[in-house]
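A short worksheet on the structure shown next.
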Ligand SMILES: [Zn+2]
């Protein structure tokens, strides 16, 4: 099991990475970088990214030798 913090996950923009508490203009909507997202999707995506970064970091040290690190940024 991998524990990942959910802190600020629903208020961090998935496009620019900026923490934007005022981007939730209505319940369930996150608006930033001229884009509108479902706030739950923002939270889930950020938690997934944290998990992937956390597991990739530990895997690259103990298992993967000579491979490139997996990119942590996804563009939409
Ligand atoms: Zn943004």
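Each reported figure results from applying straightforward, stated rules to the coordinates on display, with no laboratory input. Here the structure is a predicted model, which is why all the values come from computation and not from measurement. A quick note on method: Cβ atoms are made from the backbone with ideal geometry, for glycine too, and the neighbour counts reach across all protein chains shown.
For the range 1-54, the pair-distance distribution built from all alpha carbon pairs, in bins 10 Å wide starting at 0, is 27, 55, 17, 1 percent. This ranking places 12, 55 by how few other beta-carbon atoms lie within 10 Å of each, fewest first, which gives 55, 12.
Potential lengthening of the chain between residue 33 and residue 8 amounts to 7.3 nm, from the contour at 0.36 nm per residue minus the alpha-carbon distance. Counting beta carbons within 10 Å around each of 22, 40 and listing the fewest first gives the order 22, 40. For 75, 24, 19, the sequence from fewest to most other C-beta atoms within 10 Å is 75, 19, 24.
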